[in-house]
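J.: Starting off with a structure, shown below.
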Amino acid sequence: MKKSGGAADKKRVRRSSGAVPNGTRDLNSDTPPRKQAAKKDVFQLFAEKVRDHKGLVSRWAVLQETRVEYFRGKDFVSFLKNHPEIKDILESNKNLEVEEIVDTLLSKNLLVRCDRVVKTVRPGKKKLSTWPAHLEIFPDQVFSENDSFFAWTFVKQRPLWQTLLSLSWPVLTLAICLFPIYPHGCKLLILYSCAGLLLLIFSLLSLRATVFGALYIILGKRVWLFPNILAEEATLGELFRLWPNKDEEERPKWTTRLFYALLAVLVMLLLRHHAPDEAARARYQKRMSNIIDDVLEWSPSLALSGMMEKQPTMVNATEPNDFTDSGQTDSEKVPPAGDEGGETILEQHEDEEIKNIEDAADQHQHQDHI
């Protein structure tokens, strides 16, 4: 009985040791093996956390015809120095150096080291661009702090508000299509809101161009207010940043500034010479106001009532109207009352007859005088 009990204990020990290879599993752990296998990689969590953090400065560029988000090596080093709590996500690997962390991210294909495509200074500039717009893959996929760029390779998880915003686009499109049937007050609100927004945009762009041109011609400085207002990829803070970065290009020559000054004066004189007069402006304003009034005053009820009124008066063009044609001659035919073109033709015909009568009377008086 003792032998059989000892053999059973040995079998249990063998089964338990065989279920965990190399004996690396902690026997005191309460987490089942399947849950541990499904647990996300700590470096993946670390990469997602770092990418979403606003402390790491990043930009967008084109890498092999694909837009990627990238950062500089020296910025990553300073980021981990200023935010050491981020490394707690790595758990047992939180004591690794920055170089080892980045090398691990590179080996797990969470990062890829890149290099700038343009490696020479362009004419008119003092140094290479700080944030190049075009990148290429660097041959040696190892960490370097000096003039190195690293691009994220995984797809960033979209937040909930972006998903809801994408779902609202069909609703917005349908609302735009239904604009003609809105109430009159709602149409006015939308019209003035859109007009005010367009006026704000054009005023801002005009102010930027005016300030840039004046400072360029007078001081030789290239200053763009709101430098990221036309950027494709920018955060809200970068989009409404007022003052631009330091100008890295060389100061333009005085001959170039004088040429642009004369060109600006010439353009303003041409615009003033070809500006429309008051009568043309009034005609254009009346025409546009009529178009806007037609859009604002249109409604389905008025459209349907107009169609119902016109429907009984419609005459088939293929059937001859003997009564009308036989009862009136060509000179006696009167156009419909609502036909403005017909009234104009009759008025012209009467004016011509009056003029002919006056000419005949003048000739008769002239002959009598002779």
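The values are calculated or read from the model by the stated rules, or taken from the named source; none is laboratory data. Bear in mind the structure is a predicted one, so any value in this text is a computation, not a measurement. Glycine also receives a Cβ, built like all others from the backbone with ideal geometry; neighbour counts cover every protein chain displayed. In case anyone asks, the SASA skips ligands and DNA or RNA and just uses the protein heavy atoms, side chains included. Shrake-Rupley method; radii C 1.70, N 1.55, O 1.52, S 1.80 Å.
J.: Which cross-chain or sequence-distant (5 or more) residues have an amide H under 5 Å from the amide H of Cys114, H modelled 1.01 Å from N in plane?
T.: Phe138, Phe149, Phe150, Ala151
J.: Multiply the residue separation of Ala214 and Leu189 by 0.36 nm, subtract the distance between their alpha-carbon atoms, and state the gained length in nm to one decimal. List each step's numbers first, then the result.
T.: On the way: separation 25, 0.36 × 25 = 9.00 nm, distance 3.71 nm.
Result: 5.3 nm gained on full extension.
J.: Then there's this: Just to verify a number: FRET efficiency for Arg222 and Leu304, C-beta to C-beta distance, R0 = 45 Å, to 0.05?
T.: In this case the efficiency is close to 0.15.
J.: Give me the net charge for the shell around Ala279: Cβ to Cβ below 14 angstrom, other residues only, Lys and Arg +1, Asp and Glu -1.
T.: Counting the neighbours of Ala279, the net charge comes to +2.
J.: For region 33-175, what log10 I(q)/I(0) values come out of the Debye formula at q = 0.20 1/Å, with one point per alpha carbon and no solvent?
T.: With one equal scatterer per Cα and no solvent, log10 I(q)/I(0) is -1.24.
J.: Output ³J(HN,Hα) for region 113-127: one whole-Hz value per residue in order, computed from phi by the Karplus curve 6.51 cos²θ - 1.76 cosθ + 1.60 with θ = phi - 60°, and x for Gly and Pro.
T.: Per residue, the Karplus-derived 3J(HN,Hα) values read 7, 10, 9, 5, 6, 8, 9, 10, 6, 6, x, x, 10, 8, 8 Hz.
J.: What is the gain in length, in nm to one decimal, between Val142 and Ala275 on full extension, counting 0.36 nm per residue of separation less the C-alpha to C-alpha distance?
T.: Taking 0.36 nm per residue and subtracting the Cα distance, the gain is 41.6 nm.
J.: Right, next: Measure up Lys40/Lys94; Lys54/Lys81; Lys125/Lys221; Lys119/Lys253; Lys49/Lys94; Lys74/Lys126 against 19 Å on the Cα-Cα distance and list the ones that go over.
T.: Going by Cα-Cα distance, Lys119/Lys253; Lys74/Lys126 fall outside the 19 Å limit.
J.: Averaging over all projection directions, find the projected area of the Cα convex hull of region 39-95 and quote it in nm² with one decimal place.
T.: The Cα convex hull of region 39-95, projected and averaged over all directions, gives 4.8 nm².
J.: What part of the accessible area of region 55-136, given as a whole %, is carbon or sulfur when the probe is 1.4 angstrom?
T.: Taking all protein chains in place, region 55-136 shows 47 percent carbon and sulfur surface.
J.: On full extension of the chain, what length is gained from Ser129 through Leu96, given 0.36 nm per residue of separation minus the C-alpha to C-alpha distance?
T.: Difference between extended and current length: 8.7 nm.
J.: Let me ask something else about it. Tally Lys and Arg at +1 and Asp and Glu at -1 over the other residues with C-beta under 9 Å from the C-beta of Phe143: what net charge comes out?
T.: Net local charge, Phe143 excluded: -3.
J.: A follow-up question, please. Could I have the simple spin-label model distance between Leu200 and Arg283, label points 7 Å from Cα toward Cβ, reported in nm to one decimal?
T.: That separation, rounded to one decimal, is 3.6 nm.
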